[in-house]
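K.L.:
Encoded as structure tokens, here's the structure I'll be asking about.
The values are calculated or read from the model by the stated rules, or taken from the named source; none is laboratory data. Note that this is a predicted model, so its numbers are computed, not measured. Positions of Cβ are generated from backbone atoms using ideal geometry, with glycine treated the same way; all protein chains shown enter the neighbour counts. We work out accessible area using only protein heavy atoms, side chains counted, and drop any ligands, DNA or RNA first. Shrake-Rupley method; radii C 1.70, N 1.55, O 1.52, S 1.80 Å.
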Amino acid sequence: MNLSRFFDIPSDLQHSYAGLIGLHLREALIPVLAGLLLALPLAQLCVRFKWVYPPLFGITTVLYAIPSLAFFVVLIDYTGLSETTVMIPLAVYSLVVLVPAIVDGVRSVPQETLAAATALGLGPVRRYLQVQLPIAVPAIIAGLRVATVSSVSLVSVGMLIGNQGALGNLLNDAQIYHRPELAVNSVVTTALLAVVLDAVLVGVRMLLTPWMPKESTAR
Amino acid sequence: MIRIDQVTKRYADGTVAVDRLSLDIPDRAITVLVGPSGCGKTTTLRMINRMVEPSEGTILLDGADIRDQPVNTLRRSMGYVIQNAGLFQHRTILDNIATVPRLLGWSKPKARERAAELMGRVGLDTALAKRYPYQLSGGQQQRVGVARALAADPPVLLMDEPFSAVDPIVRKGLQDELLRIQDELGKTIVFVTHDIDEAIKLGTMVAVLRTGGHLAQYAPPAELLTAPADAFVEDFLGADRGIRRLSFFPSAGLELRTEPVVAMDAPAARLTAPADVPYLLVVDTDGRPLGWGAPDDLTAGAIDPARLLNHGRPFTPGRDSLRTALDGAVLSPTGWAVAVDDEGRATGVVSQQVIGEAIRTAHAAGREDVTAAR
Ligand SMILES: Nc1ncnc2c1ncn2[C@@H]1O[C@H](COP(=O)(O)OP(=O)(O)OP(=O)(O)O)[C@@H](O)[C@H]1O
Ligand SMILES: [Mg+2]
């Protein structure tokens, strides 16, 4: 292993080290964001109409059980060897994690808080945006943490479809060029990214929820 | 006035929570709905702000059907307080209180200024303004609940067992506070409780409901205690309604005896009791009662306050009721109650017998009042 060439990224990847990190972040975070944007209305649907939740939960669980590779194989026919092919399954996984997290969070709002909101004259939209959603923030962020960390690690699988795995592609090159330090780089950097993003989300949670009892902040 | 007219509520599962209830709720007074668990109190209260829609009947507010105005406009004109306060845990105390003014379109600074003013009104230190609900005690949270309900100065206040989750001492404080606020603001308050003592203490009118949502009796508390409509109401009032009724009779008319009251430094000649009074009440130089002593045990110029008998809790004629006076007499080892003025100076003493006669007279008069009022 030649550690002096740790950051010497082979030219076939067409990216610098920093470029690979940027690419990795993009491929990991856009799906989480898309998942969140889809999950919010779906979760609201589940809360309003209780019967929606069990079937939706069943479907998402089945989707979660599909290995990402199988997903890629099916998608390649439609979206080719592209970033999109990597990001669609990741968005689905995020969705699967986030819907139950948001539903549980929104349902955890005490009955009397909701009754008080109604009695004070907040309509359903205000109740959702001003009461239920803010109180669900800790649960939503807990879901986002799981979704983000798994998304960051799953992006690497994209190396299998035309080198769309960002930092994961280093694993491929490590084999081709017999440079094990590239594999170490890939694993360490991915892990660091996950840790940093997780810490950022914890920070965001703390900023958004000054109202939580300090003892129970650790979730 | 809120007029509940022949209102029935049948829930989807067939439960009849309220059955043809008619109730005229007077303005600027506290009307209490009281009854055993499940008798339809919450349902009735929630029909007034349309959180529950009646199956039959109408509710009129100042002559107009409450369904004539948009539901959220109606709700914003009625404060609402519930058990455990139901505060928004994610908002500061100030912003909790400012909720309705903000909904009504007030600017944030104006709403917060109003909220701070209300904190004072309900007896909350404004230093708590920036705190979150979890940082407050149950009693403080309940005060925030009341302040939040009052924030936009609604003419009507609906309260659903607001004080039932706090301990008895805090509850008494909150009840006194509510009466004080009501004296100042004169709201039309509908107050739900299952505690008959709370109903009698707070209510100008009390509606006793029985299971199945029937109205058993609707009357001022004194009348309830004097003439319960039936066995259910009588049972619900409890065993000591006769004693509790005394709360409504003033002690002002009691004839006080002043000869048994002697000062610490009284000369020997004053230390003799009238024939019908076995004890003397010794007072300090300011006139405040120290305790009872038998004339034979008292030596002029050498009275030891520590050896006197406890004088029990004194009452203030004009402010306290016959119940307090009787309580003072019962608790006193001599059977005599001590009357004091607002400064705590003894103004006289009165025996159990005299209080007993006053009670008999008051009862006789009270019964006539109630019969006349019918
Ligand atoms: N949403 C509902 N669906 C069906 N039945 C209901 C519903 N809400 C209340 N009930 C029933 O209606 C009756 C009256 O309920 P309500 O809550 O008005 O009683 P309450 O007098 O407030 O009782 P408590 O003192 O226990 O609060 C009860 O039998 C209750 O089970
Ligand atoms: Mg109730």
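K.L.:
Taking 0.36 nm per residue of separation and subtracting the Cα-Cα distance, what length does fully extending B:V277 through B:E343 add?
P.N.:
So the extension gain works out to 21.2 nm.
K.L.:
Can you tell me the relative contact order of chain B? Whole percent, Cα pairs under 8 Å, sequence separation 6 or more.
P.N.:
Worked out over chain B, it gives 15 percent.
K.L.:
How far apart, in nm, are the 7 Å Cα→Cβ label points at B:D5 and A:D198?
P.N.:
Roughly 6.6 nm, to one decimal.
K.L.:
How far apart, in nm, are two points set 7 Å out from the Cα along the Cα-to-Cβ line at B:V330 and at B:E53?
P.N.:
Inter-label distance under the simple model: 5.2 nm.
K.L.:
Percent relative contact order of chain A, based on C-alpha pairs within less than 8 angstrom and at least six residues apart?
P.N.:
27
K.L.:
Follow-up question, since we're still on this one. Between A:I135, A:L36, A:V92, whose Cα lies farthest towards the positive end of the dipole of the range A:14-209 when Lys and Arg beta carbons carry +1 and Asp and Glu beta carbons carry -1, centred on the Cα centre?
P.N.:
Positive-end residue among those listed: A:I135.
K.L.:
Using amide H atoms built 1.01 Å from N in the peptide plane, name the residues 5+ places from B:V18, or on other chains, whose amide H lies under 5 Å from its own.
P.N.:
B:K9
K.L.:
From the phi angles alone, apply the Karplus equation (6.51, -1.76, 1.60; θ = phi - 60°) to the range B:153-159 and give each ³J(HN,Hα) in whole Hz, x where the residue is Gly or Pro.
P.N.:
Working through the residues one at a time gives 6, x, x, 10, 10, 9, 10 Hz.
K.L.:
State to the nearest 20 debye the size of the charge dipole of the protein assembly as shown about its Cα centre, where the only charges are +1 on K and R beta carbons and -1 on D and E beta carbons.
P.N.:
Here the size comes out at about 1620 debye.
K.L.:
So in chain B, what percent of DSSP beta bridges are antiparallel if you round to the nearest 5?
P.N.:
Around 55 percent of the beta bridges assigned by DSSP in chain B are antiparallel ones.
K.L.:
Based solely on its DSSP helices, what 222 nm [θ] is calculated for chain A when runs of n ≥ 4 H residues each add -39,500 (n - 2.57) and the sum is averaged over all residues, nearest 500 deg cm²/dmol?
P.N.:
-23500 deg cm²/dmol
K.L.:
Multiply the residue separation of A:V62 and A:S108 by 0.36 nm, subtract the distance between their alpha-carbon atoms, and state the gained length in nm to one decimal.
P.N.:
Residue separation times 0.36 nm, minus the Cα-Cα distance, leaves 14.0 nm.
K.L.:
Okay, which of the range A:151-170 sit inside 16 Å, backbone N to the point 7 Å along the Cα-Cβ direction of A:L38?
P.N.:
A:151
K.L.:
Quick query: amide H of B:T272 versus all other amide H atoms, modeled in the peptide plane; which residues come in under 5 Å with a sequence gap of 5 or more or a different chain?
P.N.:
So B:T272 has HN proximity to no qualifying residue.
K.L.:
Taking a 22 Å limit on the Cα-Cα distance, which of the listed pairs B:K9/B:K41; B:K41/B:K187; A:K214/B:K130; B:K110/B:K130; B:K9/B:K187; A:K50/B:K41 fall beyond it?
P.N.:
Result: B:K9/B:K187; A:K50/B:K41 exceed 22 Å.
K.L.:
So if each residue of separation counts as 0.36 nm, and I subtract the Cα-Cα distance between B:E113 and B:A64, what length gain in nm does that give?
P.N.:
Using 0.36 nm per residue and subtracting the Cα-Cα distance, I get 14.3 nm.
K.L.:
Helix B:322-331: angle to the longest alpha-carbon principal axis of chain B, degrees 0 to 90, nearest 10?
P.N.:
50
K.L.:
Hey, can you find the accessible area per residue of the protein assembly as shown for me, probe 1.4 Å, expressed in square angstrom?
P.N.:
Per residue, the protein assembly as shown has an accessible area of 46 Å².
K.L.:
Run the numbers on the range A:90-115: which residues show a drop of 40 Å² or more in accessible area, chain on its own versus all protein chains together, using a 1.4 Å probe over heavy atoms?
P.N.:
With the partner chains in place, the range A:90-115 has these residues losing at least 40 Å²: A:E112, A:T113, A:A115.
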